[in-house]
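Everything on this sheet refers to the single structure shown next.
The values are calculated or read from the model by the stated rules, or taken from the named source; none is laboratory data. Since this is a predicted model, take the numbers as computed values, not measurements. Here Cβ is always computed from backbone atoms with ideal geometry, including for glycine, and neighbour counts include all displayed protein chains.
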Amino acid sequence: MSESSKSSKSSNINPSPTLQCKDLHEYLKSRSAQFLETLYNYPTICLAVYRELPDLARHFVIRLLFVEQPVPQAVVASWVTQTHAKEQSKACEALSELSVWQEAPIPGGLPGWMLSQSFKKNLKVALLGGGRPWSMSSSLEPDGKARDVAFLDAYALERWECVLHYMVGSAQTEGISADAVRILLHAGLMTRDAEDGSAVITRAGFQFLLLSTAKQVWLFLQHYLHTAEKRSLSAAECLAFLYQLSFSTLGKDYSTEGMSNNMLVFLQHLREFGLVYQRKRKAGRFYPTRLALNITCVKDGITPLDTSANSGYIIAETNYRVYAYTQSSLQVALLGLFTELIYRFPNVVVGVLTRESVRAALRGGISAQQIIRYLCQHSHPQMLKADTGGVRSTSVLPPTVLDQIQLWESERNRFTYTEGVVYNQFLSQAEFAVLRDYAKGAGVLTWHSERARTMVVTRASHDDVKRFWKRYSKAS
């Protein structure tokens, strides 16, 4: 009997992994305890973390906030009835993952919980006031050239679309810096072409383009923070400033007085990405834009502050035709990722969802769910009034379109690929039957052929099956 390893992988057939946009909880969970301890010296971060916690975890924090000694874990458990044990477990896990509390021994040997000292101190400051004033809290004279919300929305959209235009290879790529390109490369959203060295979009980049703007900005900033040290910036200080901006008021100007040189550099980077507006580098004031205020809205189910300028523009019909009422070349390019564009007029583009266009998008790493979500997110208000012919649907898209996109995806997922080890060349049918029955009983048999005396077991079980075979061979 012999065995050989087989690996079945195909990037062209297997669905590629979905790009994950971590919320604040998931992002902080991936950072070190030392980084979190530094971060909890900023009241804004403590308040942001507190707001992201599960309801029960927030309840625990408030009950422990003014307690100066460890509380027995049994006492904390008694605050919740047994019917909510699952929620309690999740709350305790979240608080431990984020180092909001730590285990602390109690005289007598009982385990206890105690809030992190820095988190407790600065959450009190955030909730009750006191402490040092925020870096952008200095009073200002009225701005003689004040900017309204409509101007700030247009500015933020223009600056952020420069990044997206660059990703889709649009001709409108002026205004993007080498620093922004480095972040896109670091994030894996783009890569250098092997032949000419130019930046080209990756599968993850295609998925990035179909995310909501709030998720795009937050994902981009996460990778900016990962590379902050290379710019001699503190990632903790930058993140704290971002959350100060998220708590600001849209349309109000803030002072740069008292900001460190590093934060002034960071402010210029945010200005380039469209998160803040500043008339000149030396101007002593800046305006946070909607992009900065929406970084707390990346969790599913949280609606970002939106603007009527970004109302829906797509109408999808039951014959798979898609009409996009837009003059934006970026929106046209995004639509072209998964539709076949057939007509273009000054204010409307007509495309059709075909098997070939959708499969091309799927090969690029875009999932059917992302296509559906994008079409729903940008649906024209008229779609909400559409008659579905008595068919009940939870989506604004026609049921035929919804089902067909999912069917085209399922066509590519008819096979499940697993890594395994092949056992063959058995000397007798009896030997084959013994090993096959052992693998089947252990639940690790992937495939077998009686006629060819060949079987495949999972790679993880190979050592166990091999040991069993050696014992059997010696005994016989």
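Some notes on this structure:
- Restricting attention to the range 345-369 and to residues that are assigned to a loop (DSSP other than H, G, I, E, B) and within 21 Å of residue 403 (Cβ to Cβ), the residue that is farthest from the chain's Cα centre (by Cα) turns out to be 354.
- For residue 229: the one exception among (1) on the phi < 0 side of the Ramachandran plot; (2) surrounded by 14 or more Cβ atoms within 10 Å (Cβ to Cβ); (3) not hydrophobic (A, V, I, L, M, F, W, C): (2)
- If you check 437, 464, 403 for being closer than 18 Å to residue 358 by Cβ and among the acidic types (Asp, Glu), only one passes: 403.
- Unmet criterion (only one of (1) farther than 30 Å from residue 38 by Cα; (2) in a helix (DSSP H, G or I)) for residue 220: (1)
- Test: residue in the range 96-112 that is part of a helix (DSSP H, G or I) and of a type outside the set (Asp, Glu): yes
- The lone exception for residue 168 - which of (1) touching a helix residue (DSSP H, G or I) at 6+ places or on another chain (Cβ under 8 Å); (2) within 20 Å of residue 269 (Cα to Cα) it fails: (2)
- Of all residues in the range 235-247, those that are buried (at least 19 other Cβ atoms within 10 Å of the Cβ) and part of a loop (DSSP other than H, G, I, E, B) total 0.
- Residue in the range 445-467 that is of a type outside the set (Lys, Arg) and on the phi > 0 side of the Ramachandran plot present: no
- Taken over the range 40-56, the criterion of being more than 20 Å from the chain's Cα centre (by Cα) and either buried (at least 22 other Cβ atoms within 10 Å of the Cβ) or within 16 Å of residue 238 (Cβ to Cβ) (or both) is satisfied by 40, 41, 42, 43, 44, 46.
- In the range 181-230, the residues that are under 16 Å from residue 275 (Cβ atoms) and either touching an Asp or Glu at 6+ places or on another chain (Cβ under 7 Å) or charged (D, E, K, R) (or both): 215
- Residues of the range 418-431 satisfying the condition of being within 14 Å of residue 454 (Cβ to Cβ) and in contact with a strand residue (DSSP E or B) (Cβ under 7 Å, 6 or more places away or on another chain): 420, 421, 422, 423, 424, 425
- Across the range 337-344, a minimum of one residue is classified as among the hydrophobic types (A, V, I, L, M, F, W, C), at pLDDT below 90 and closer than 18 Å to residue 406 by Cα.
- Applying the set (1) loosely packed, with under 12 Cβ neighbours inside 10 Å; (2) touching a Leu at 6+ places or on another chain (Cβ under 7 Å); (3) of a type in the set (D, E, K, R) to residue 132 leaves exactly one unmet item: (2).
- Among (1) at pLDDT 90 or above; (2) in a loop (DSSP other than H, G, I, E, B); (3) touching a helix residue (DSSP H, G or I) at 6+ places or on another chain (Cβ under 9 Å); (4) not acidic (Asp, Glu) - the single one residue 16 does not satisfy: (1)
- With respect to the conditions (1) over 23 Å from residue 154 (Cβ atoms); (2) assigned to a helix (DSSP H, G or I); (3) without any contact (Cβ under 8 Å) to a residue 60 or more places away in the chain, residue 206 lacks only one, and its number is (3).
- Residue 264 more than 19 Å from residue 222 (Cβ to Cβ) and assigned to a helix (DSSP H, G or I): yes
- Exactly one residue out of 120, 29 is in contact with an Asp or Glu (Cβ under 6 Å, 6 or more places away or on another chain), under 20 Å from residue 236 (Cβ atoms) and either in the same structural domain as residue 220 (by TED's automatic domain parsing) or touching a residue at least 12 places away in the same chain (Cβ under 8 Å) (or both), and it is 29.
- Among the residues making up the range 64-98, those that are surrounded by fewer than 13 Cβ atoms within 10 Å (Cβ to Cβ) and closer than 13 Å to residue 115 by Cα are 66, 67, 68, 69.
- Among the candidates 163, 217, 181, 168, residue that is without any contact (Cβ under 8 Å) to a residue 24 or more places away in the chain and either of a type outside the set (Lys, Arg) or not assigned by TED's automatic domain parsing to the domain that holds residue 269 (or both): 181
- Selection within the range 436-476 - hydrophobic (A, V, I, L, M, F, W, C) and closer than 19 Å to residue 418 by Cβ: 439, 442, 444, 445, 447, 455, 456, 457, 460, 465
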